Amino acid sequence: MRKRVFYNKVNEMKYISHLDMINFLERLSKIAGIKPSFSQGFHPRPKMTFGNALSLGMESYNDIFEFETEEKIGDEELLRVLREKSPIGFEVVNVKEIGNKNSIVTDYNSIIYELDFVSEELLNKVKNLINSETIIFKKEKNGKITEKDLKPKIRKFEVEGNKMKLFLEEISPKYILELLEIGSSDVNVKRTGNCKIV
């Protein structure tokens, strides 16, 4: 059976990298006494899948990981044991058993971010950029400059006061903020969930 686990990562836990987070979740499952299914081959690994990587230092809510297990365990029981063994800053909020054909990628195509700006002026700068026909982000790697249009990856946005809710596909809002030279002292960014936009 496959289990989908929803969790919050806040406080000191937000400074754990994506790779370390994968290792942490594997250890947490072991400590909680959960027996995941393993892949075949010379280096078997637990059958676990994860959502998009999170920028270091960013809090996330209702983030997702999945794992397969041969063990029969109810959702409520799994929720209880994971909560008991979780450290401060990591909170399991829900567990769902899902069908074998489901996946994080097929069920969700957008990640929701909440941006809380220190001023309306900064929010309007982001809003004007998003409303542009193209949003070209340039990146240099190994002496080669590549360009990427971020516009198609922005599904929609909502504004309330000095806060903006961004619905993004496979990109982080850090690229948009970097283009406008908006630093971490000017805006608080957190990931608040996943959704599917048709």
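The values are calculated or read from the model by the stated rules, or taken from the named source; none is laboratory data. Every value quoted in this text rests on a predicted model; they were computed, and no experiment measured them. Please note: Cβ atoms are built from the backbone with ideal geometry, for glycine as well, and neighbour counts cover all protein chains shown. Surface areas here come from the heavy atoms of the whole protein model, side chains and all, with no ligands, DNA or RNA. Shrake-Rupley method; radii C 1.70, N 1.55, O 1.52, S 1.80 Å.
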Seminar exercise, completed: Counted residues in the range 1-13 being surrounded by fewer than 17 Cβ atoms within 10 Å (Cβ to Cβ) and either of a type in the set (Lys, Arg) or within 19 Å of residue 56 (Cβ to Cβ) (or both) come to 3
Exercise. Regarding residue 17, is this residue open to solvent by 30 Å² or more (accessible area, probe 1.4 Å) and over 26 Å from residue 71 (Cα atoms)?
Worked result: yes
Problem set entry | Test result for residue 72, open to solvent by 20 Å² or more (accessible area, probe 1.4 Å) and farther than 24 Å from residue 108 by Cβ | yes
Problem set entry | Residue count, the range 87-135 (criterion: under 18 Å from residue 65 (Cα atoms), surrounded by fewer than 18 Cβ atoms within 10 Å (Cβ to Cβ) and polar (S, T, N, Q)) | 6
Exercise. Is at least one residue of the range 170-182 β-branched (Val, Ile, Thr), surrounded by fewer than 16 Cβ atoms within 10 Å (Cβ to Cβ) and without any contact (Cβ under 8 Å) to a residue 24 or more places away in the chain?
Worked result: no
Problem set entry | Any chance residue 146 is modelled with pLDDT under 95 and part of a helix (DSSP H, G or I) | no
Exercise. Going through the range 133-147 one residue at a time, which ones are under 19 Å from residue 187 (Cβ atoms) and without any contact (Cβ under 8 Å) to a residue 40 or more places away in the chain?
Worked result: none
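Applying the selection to the range 40-64, what residues are without any contact (Cβ under 8 Å) to a residue 60 or more places away in the chain and open to solvent by 40 Å² or more (accessible area, probe 1.4 Å)?
40, 41, 42, 43, 44, 45, 47, 49, 50, 53, 56
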Problem set entry | Residues within the range 33-61 that are closer than 18 Å to residue 168 by Cβ and part of a loop (DSSP other than H, G, I, E, B), tallied | 8
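Matching residues to (1) within 20 Å of the chain's Cα centre (by Cα); (2) part of a strand (DSSP E or B):
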| residue | (1), (2) |
| --- | --- |
| 30 | no, no |
| 63 | yes, yes |
| 73 | no, no |
| 78 | no, no |
| 88 | yes, no |
| 101 | no, no |
| 105 | yes, no |
Exercise. Which residue, of 55, 60, is modelled with pLDDT under 90 and either polar (S, T, N, Q) or touching a His at 6+ places or on another chain (Cβ under 9 Å) (or both)?
Worked result: 55
